[in-house]
Amino acid sequence: MVDIIVPTLNESESILEFFKTLKKELKSTDFRVILIDDSADNTSKIAKSFCKKNKIKIKAINRKKAKGKGSAINRGLKELNSEEAVIIDADMEYHPKYILPMIKMLKKNDLILSVRKRKDPVYRKFLGYFFKQLVKLLFGFNFDTQSGLKAFKAKSLKNLDLKSKNWVWDIEFINHFFKNNLKIGFYEIEYNTRKKGKSKIKISSSCGMLKDLIKLKMLNFLK
Ligand SMILES: Nc1nc2c(ncn2[C@@H]2O[C@H](COP(=O)(O)OP(=O)(O)OP(=O)(O)O)[C@@H](O)[C@H]2O)c(=O)[nH]1
Ligand SMILES: [Mg+2]
C-alpha cells in the first residue's frame with residue numbers, strides 16, 4: 001500500500017478534480033489518502049464524500065485553523081502505515097500521473113524529488129531565484145527543493161523530528177536524507193500554475209521564510 005499525504009487549506013475549488021484524477025491515475029494501486037485539512041471551507045467534506053462514494057481509503061484529520069503546510073505534513077507523517085509514501089499538493093499544480101513512476105524509482109532510492117519545469121509569474125520567479133540562491137549558500141542544495149510532490153520510503157524517517165512548520169519544511173526534510181546518507185533521486189515533471197483557488201503564499205511570507213531559513217541553519221550548526 002502507498003500512503004498519500006495531502007495538506008489542504010481552502011481548496012474546495014480544486015479538491016474534486018484532484019481526487020478524480022488521483023483515482024484515475026492510481027486505479028490499479030492499493031493506496032490510502034491522509035488528508036490534513038486546516039480549511040474554513042468544505043474541502044474536507046467534499047473529499048470524504050468522494051472517497052466514500054468511490055471506495056477510496058481516507059484518513060482525514062481536521063484541524064481548527066491554518067498552522068502551516070509543514071506543520072500539516074508533520075501531522076500526516078504520524079499517520080503513516082505503509083512502506084512507501086507520497087506528499088502532494090491538492091491544487092492540481094502537480095499531476096497525479098507522476099506518482100507511480102516516482103514510486104517505482106524508490107526501488108533504488110530513499111527519496112524522490114520532483115523537479116519542476118517552472119512557469120511562474122515574474123514576481124514568483126524573482127522570489128524563487130532569491131530563495132534558491134540562499135538555500136544553495138546555506139545548505140549547498142542546488143536543485144528544486146520546494147516542489148510539492150515528493151515520494152519516500154517510510155523507513156528512512158527513523159528518528160525524524162522536524163521543527164519547521166511553514167515553507168522551509170522542505171529544506172529540513174531533505175536535509176534529514178542528506179545527513180543520514182540516504183539516497184536521493186530526481187524526477188523531472190511538467191508543472192501547471194494554480195488555476196483555481198487562492199495561493200497561500202504572500203509576498204510578505206518571504207520575510208518569514210528568510211528568518212526560518214537562517215534559524216534552521218543555526219539549529220543544524222548546534223546539533
Ligand atoms: N493543512 C494545511 N495545508 C496548507 C497550508 N498552507 C498551504 N497548504 C496546502 O499546501 C499546498 C501548497 O500550498 P499553495 O498555496 O498551493 O502553495 P504554492 O503551490 O507554493 O503556491 P501557488 O503557486 O499559489 O499554488 C496546497 O495543497 C495548500 O492547500 C496550511 O496552513 N495548512
Ligand atoms: Mg500551489
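The values are calculated or read from the model by the stated rules, or taken from the named source; none is laboratory data. None of these values were measured; they are calculated from a predicted model. Note that each Cβ is placed from the backbone with ideal geometry, even for glycine, and that neighbours are counted across all protein chains shown.
Here is the figure for the stretch 53-79: residues that are touching a residue at least 40 places away in the same chain (Cβ under 8 Å) and either crowded, with 18+ Cβ neighbours inside 10 Å or within 16 Å of ligand 2 (Cβ to nearest atom) (or both) total 10. Among the numbered conditions (1) surrounded by 15 or more Cβ atoms within 10 Å (Cβ to Cβ); (2) within 13 Å of residue 109 (Cβ to Cβ), the only one that residue 169 does not meet is (2). Which of the residues spanning the stretch 36-52 are within 16 Å of ligand 2 (Cβ to nearest atom) and either aliphatic (A, V, I, L, M) or exposed (fewer than 15 other Cβ atoms within 10 Å of the Cβ) (or both)? Across the stretch 36-52, the qualifying residue is only 36. Scanning the stretch 139-146 for any residue that is modelled with pLDDT of 95 or more, crowded, with 16+ Cβ neighbours inside 10 Å and either closer than 20 Å to residue 174 by Cα or not aliphatic (A, V, I, L, M) (or both) turns up at least one such residue. The residues on offer are 117, 125, 132, and the sole one that is surrounded by fewer than 17 Cβ atoms within 10 Å (Cβ to Cβ), within 16 Å of ligand 2 (Cβ to nearest atom), of a type in the set (D, E, K, R) and more than 24 Å from residue 6 (Cβ to Cβ) is 125.
Only one of the listed residues (83, 93, 25) is within 22 Å of residue 145 (Cβ to Cβ) and either among the acidic types (Asp, Glu) or away from ligand 2 (no atom under 16 Å from the Cβ) (or both). That residue is 93. Checked across the stretch 125-138, the condition of being out of contact with any helix residue (DSSP H, G or I) (no Cβ under 6 Å at 6 or more places or on another chain) and in a loop (DSSP other than H, G, I, E, B) holds for no residue. Taken residue by residue, the stretch 141-162 has no member that is free of Cβ contacts under 8 Å to residues at least 12 places away in the same chain, of a type outside the set (A, V, I, L, M) and in a helix (DSSP H, G or I).
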